[in-house]
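S.K.: Quick one: this structure, given as structure tokens, is what I'll be asking you about.
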There are 2 protein chains.
Amino acid sequence: MTPLPTFSDVVAAAERIRGHAHQTPVLRSSTLDQRLAAQVFFKCENFQRMGAFKFRGAFNALSRFDAAQIQAGVIAFSSGNHAQAIALSAQLLGIPAVILMPQDAPQAKIDATRGYGGDVILFDRFQQDREVLTREIAAQRGMTLIPPFDHPDVIAGQGTAAKELFGEVGELDYLFVCMGGGGLLSGCALAARALSPRCQVIGVEPEAGNDGQQSFRSGAIVRIPTPKTIADGAQTQALSEMTFAIVRRDVQDILTVTDAQLVEGMRFFAERMKMIVEPTGCLAFAGAVHGGLPIASKRVGVIVSGGNVDLQRFGKLVGDAP
Amino acid sequence: MTPLPTFSDVVAAAERIRGHAHQTPVLRSSTLDQRLAAQVFFKCENFQRMGAFKFRGAFNALSRFDAAQIQAGVIAFSSGNHAQAIALSAQLLGIPAVILMPQDAPQAKIDATRGYGGDVILFDRFQQDREVLTREIAAQRGMTLIPPFDHPDVIAGQGTAAKELFGEVGELDYLFVCMGGGGLLSGCALAARALSPRCQVIGVEPEAGNDGQQSFRSGAIVRIPTPKTIADGAQTQALSEMTFAIVRRDVQDILTVTDAQLVEGMRFFAERMKMIVEPTGCLAFAGAVHGGLPIASKRVGVIVSGGNVDLQRFGKLVGDAP
């Protein structure tokens, strides 16, 4: 197995992305702090380039390409933020990029990925296996595949979000992080272990897609059918060996939250904090509020992972009376 | 006439609000910078406490109350952000607050003001003159009236927004600021003159409410009927003597923008920057984009003044296809 990334890799990633990724702001809400009797620090990756933390890992991975890899290009499959992250990073680094997207992906996402210069190849997800297809194209063209989370450079890149948070606010008692494939969670856990050793790192996933919680509790990776949840960034079926190894070692617990709790979070962020957060981006916050952990009087970090949600869908989710 | 506030007053205000107001983040958009071939720095006062810059001026003014004023309390009339700013500042400082609001003000704003502990008195704006009524109550109860812009401590407090911006990003070529009664604009102009003397300070108001532009160009305060515009924070009829004196001296031009350009701005902020900005908060940005000034290759500051917009209204304005 590839060696697991370490905190030194997170530090090196932070150097590579400096001046390319935004150092996103840490925002607070006095109203919320009063309500929870805690100090909550939101690390706002919805204000990251292309609207999500994914840019960190993608840019870090692509920055390490050698001359041959740069010439042959990068390939990725994603219908979500990873697609845009790879396309934008490749554009900035002058690397050709092919992105495989399902032909029924939202047109806005296809357009956004093309807008960043990505060569989008559409496939029929009912007829074709995207992983097989990707590997075929990668082999034919000599392209390097960068997966959305199962890669040490991607994990190390995502960890820079927590590194920045600790750098700005100091040590924390809790750090809540959303969890799909576990890339952000494991990267952030590496940073937490080094920078705030007593911090409890808590992963949060949708109730309908609790493969991570099952895996964590059983000690072996559990695979589930693609879950039905509004948290479209966390519709993964399983952790990878690499993310699971870090999660088991460095994460203290995995919680689940309901879709209704995610909508409540979106509404809170919009009404009280004036920001647009995608459903997946509300996982960590919902876990902090509804997860039952004793956060009162504690210093609590919450990673807000992204803000890429269609505005009409956003309006429907938050604009209607609860 | 009361002496005009100076930059020293802005510096003193910054000390008073420290630890009470948020130091709001300065955000950027690479996409926008590319499109305009400029460097644009957004000072995000929509992330200020109670959702708008108004907290700065209100808290500064109330911090200067003496013991007798604190005991008797503060009174203000406003249907908008000034009401919430006074109510919250008074609550934090332990000062009783009476806020006069029109009885047809949105229930959400009345509730928010009461939520901050303000004693809301509703009046019939077709039958009663709010200024007369306010002065009557102020006199009866010995309360101090804090107007929304015509006050040196309010102006100095608002100027701290620009002071923070220059402190973070250094000198600028242009600073665009929205303009209703001119409190934010004149305060920011004081900061600009001291911290970035060659910066062109530009006020931006709604086309339908161009009293400021008319006043600026004619050299005398022009009063207009209450303008019809979606920029509800800029529906003022005239500048005050105090704000006009500073604007004439320290501001380089006043531009106007249309309501359609404000909606375009709201959509840009939502789609590209993942933030909720109220229509008035888009004035400065719309002026930078549509005002015809030669901003290419320049360093441009834009004050995003607030984010208090009803989510259903927000959804209607930005969610519908353009």
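S.K.: Using a 7 Å offset from Cα along the direction of the beta-carbon, what are the separations from B:ARG141 to the same position in each other copy, nm, ascending?
M.R.: With the label placed 7 Å along Cα→Cβ, B:ARG141 yields 7.0 nm.
S.K.: Still on this structure, I have one more. So what are the range B:114-184's ellipsoid semi-axes, whole angstrom, largest first, if each one is the square root of 5 times an eigenvalue of the alpha-carbon gyration tensor?
M.R.: Square roots of five times the eigenvalues give 34, 14, 12 Å.
S.K.: Please express the shape of chain A as an equivalent ellipsoid: the semi-axes are the square roots of 5 times the eigenvalues of the C-alpha gyration tensor, given largest first in whole angstrom.
M.R.: Semi-axes from the Cα gyration tensor: 29, 22, 19 Å.
S.K.: Does anyone have the angle between helix A:130-141 and the longest principal axis of chain A? Alpha-carbon axes, 0 to 90°, nearest 10?
M.R.: 40 degrees
S.K.: Using θ = phi - 60° and the Karplus relation 6.51 cos²θ - 1.76 cosθ + 1.60, list the HN-Hα couplings for the range B:106-118 in order, rounded to whole Hz, with x at every Gly or Pro.
M.R.: These are the phi-based 3J(HN,Hα) values: x, 4, 4, 6, 4, 4, 4, 5, 5, x, 8, x, x Hz.
S.K.: Something else now. Using a label point 7 Å beyond Cα on the Cα-Cβ vector, give me the inter-copy distances for B:PRO294 in nanometres, one decimal, shortest first.
M.R.: When each copy's label point is compared with this one, the spacings are 6.7 nm.
S.K.: Relative contact order of the range A:58-120: what whole-number percent is it, with Cα pairs under 8 angstrom and at least 6 residues apart?
M.R.: It comes to 35 percent, rounded to a whole number.
S.K.: Using a 1.4 angstrom probe, figure out how much accessible area the protein assembly as shown has per residue, in square angstrom, rounded to the nearest whole.
M.R.: 38 Å²
S.K.: Next question. On the full set of protein chains, 1.4 Å probe, figure out the accessible area of A:LYS316 and give it in Å² to the nearest 10.
M.R.: Accessible area of A:LYS316: about 140 Å².
S.K.: Would you mind checking the range A:190-230 for residues with the amide N under 19 Å from a putative spin-label position 7 Å along Cα→C-beta of A:THR258?
M.R.: A:204-211, A:227-230
S.K.: Carbon and sulfur together cover what percent of the accessible area of the range A:60-123 at a 1.4 Å probe radius?
M.R.: So the carbon and sulfur contribution to the accessible surface is 50 percent.
S.K.: If you don't mind, there's one more thing I want to ask. Treating the angle as unsigned and between 0 and 90°, give the value, to the nearest 10°, between the Cα long axis of helix B:241-250 and the longest Cα principal axis of chain B.
M.R.: Taking Cα atoms only, the helix is inclined about 20 degrees.
S.K.: Classify the range B:177-287 from the C-alpha gyration tensor, please: rounded if a/c falls under 1.5, else prolate or oblate depending on whether a/b exceeds b/c.
M.R.: It comes out oblate by the Cα gyration axes.
S.K.: Then there's this: Can you list residues whose amide H is under 5 Å from A:VAL204's amide H, if they're 5+ apart or on another chain and H is modeled 1.01 Å from N?
M.R.: Residues meeting the amide H criterion: A:VAL177, A:CYS178, A:MET179, A:LEU255.
S.K.: Suppose you put the label 7 Å out from Cα in the Cβ direction; list, shortest first and in nm with one decimal, how far B:ASP66 is from each other copy's label.
M.R.: Its label point is 7.9 nm from the equivalent points in the other copies.
S.K.: Under the definition of Cα pairs under 8 Å and six or more residues apart, what whole-number percent is the relative contact order of chain B?
M.R.: Reported relative contact order: 21 percent.
S.K.: Also, I was wondering about something else. Does the range A:72-156 come out rounded, prolate or oblate, given a ≥ b ≥ c as the square roots of the eigenvalues of its C-alpha gyration tensor, rounded meaning a/c under 1.5 and, failing that, prolate meaning a/b above b/c?
M.R.: The shape class here is rounded.
S.K.: So how tilted is helix B:183-195 from the main axis of chain B? Cα-based, degrees 0 to 90, rounded to 10.
M.R.: Long axis of B:183-195 versus the principal axis of chain B: about 60 degrees.
S.K.: Hey, another quick one. Sort out for me the Cα centre separation of the range A:39-102 from the range B:164-207, rounded to whole Å.
M.R.: That distance is 36 Å.
S.K.: Follow-up question, since we're still on this one. Return one quarter of the surface area of the convex hull spanned by the alpha-carbon atoms of the protein assembly as shown, equal to its mean projected area, in nm².
M.R.: Projected area, direction-averaged: 28.5 nm².
S.K.: Along the range A:274-282, what does the Karplus equation 6.51 cos²θ - 1.76 cosθ + 1.60 (θ = phi - 60°) give for ³J(HN,Hα), rounded to whole Hz, x for Gly and Pro?
M.R.: 6, 10, 9, 10, 6, x, 4, x, 9
S.K.: Pull out a ≥ b ≥ c, the square roots of the eigenvalues of the alpha-carbon gyration tensor of the range A:224-322, then state rounded if a/c is under 1.5, prolate if not and a/b is larger than b/c, and oblate in the remaining case. Before the final figure, lay out each step's value.
M.R.: Values: a/c = 2.14, a/b = 1.31, b/c = 1.63.
Oblate.
S.K.: Once phi is turned into ³J(HN,Hα) by the Karplus curve 6.51 cos²θ - 1.76 cosθ + 1.60 with θ = phi - 60°, what whole-Hz value does each residue of the range B:57-71 show in order, with x for glycine and proline?
M.R.: Result, rounded to whole Hz: x, 5, 5, 4, 5, 6, 5, 8, 4, 8, 4, 5, 5, 4, 5.
S.K.: Over 20 Å between Cα atoms, which of B:LYS54/B:LYS109; A:LYS228/A:LYS274; B:LYS54/B:LYS163 qualify? List each step's numbers first, then the result.
M.R.: Details: B:LYS54/B:LYS109 15 Å; A:LYS228/A:LYS274 28 Å; B:LYS54/B:LYS163 15 Å.
With Cα atoms farther than 20 Å apart: A:LYS228/A:LYS274.
S.K.: Per residue of B:271-279, count partner chain C-beta atoms within 10 Å of its C-beta, then hand back the mean as an integer.
M.R.: Details: counts 8, 3, 6, 19, 9, 9, 1, 1, 0.
Mean shielding by partner chains, rounded to a whole number: 6.
S.K.: Skipping prolines and chain starts, which residues have an amide H placed within reach, meaning under 5 Å, of the one on B:ILE75, given they are 5 or more residues away or on another chain?
M.R.: Under 5 Å from the amide H of B:ILE75 lie the amide H atoms of B:VAL98, B:THR144, B:LEU145, B:ILE146, each far enough along the sequence or on another chain.
S.K.: Now for a separate question. Between the range A:112-159 and the range A:255-296, how many Å separate their Cα centres?
M.R.: Answer, in whole Å: 30.
S.K.: Going by amide H atoms built from the backbone, whose H comes under 5 Å of the H on B:PHE41, apart from near neighbours?
M.R.: Amide H neighbours of B:PHE41: B:VAL300, B:GLY301, B:VAL302.
S.K.: While we're here: Quick one: compute the contact order of the range A:7-133, relative version, from alpha carbon pairs under 8 angstrom and 6+ residues apart, as a percent. Could the numbers behind the result be given before it?
M.R.: Details: 172 pairs, mean separation 22.6, N = 127.
Normalised by residue count, the contact order of the range A:7-133 is 18 percent.
S.K.: GNM on chain A, C-alpha springs below 10 Å: top fluctuator among A:SER63, A:SER89, A:SER30?
M.R.: A:SER30
S.K.: Could you identify which residue out of A:THR31, A:THR134, A:THR280 has the top mean-square fluctuation in a GNM of chain A using Cα springs shorter than 10 Å?
M.R.: Of the options given, A:THR31 has the highest mean-square fluctuation.
S.K.: Using a 1.4 Å probe and counting only protein heavy atoms, arrange A:VAL263, A:VAL201 so the residue with the most accessible area comes first.
M.R.: The ordering from most to least exposed comes out as A:VAL263, A:VAL201.
S.K.: Can you tell which of A:LEU262, A:LEU293, A:LEU195 shows the greatest fluctuation in a Gaussian network model of chain A with Cα springs below 10 Å?
M.R.: Checking each option, the largest mean-square fluctuation is seen for A:LEU293.
S.K.: Considering only the other residues whose Cβ falls under 13 Å of the Cβ of A:ARG135, what net charge follows from Lys and Arg at +1 and Asp and Glu at -1?
M.R.: -1
The values are calculated or read from the model by the stated rules, or taken from the named source; none is laboratory data. Please read all numbers here as calculations on a predicted model, not as lab measurements. For neighbour counting, all protein chains shown are included, and Cβ atoms are generated from backbone atoms with ideal geometry for every residue, glycine included. To get the accessible areas, we keep the full protein, side chains included, count just its heavy atoms, and leave off ligands, DNA and RNA. Shrake-Rupley method; radii C 1.70, N 1.55, O 1.52, S 1.80 Å.
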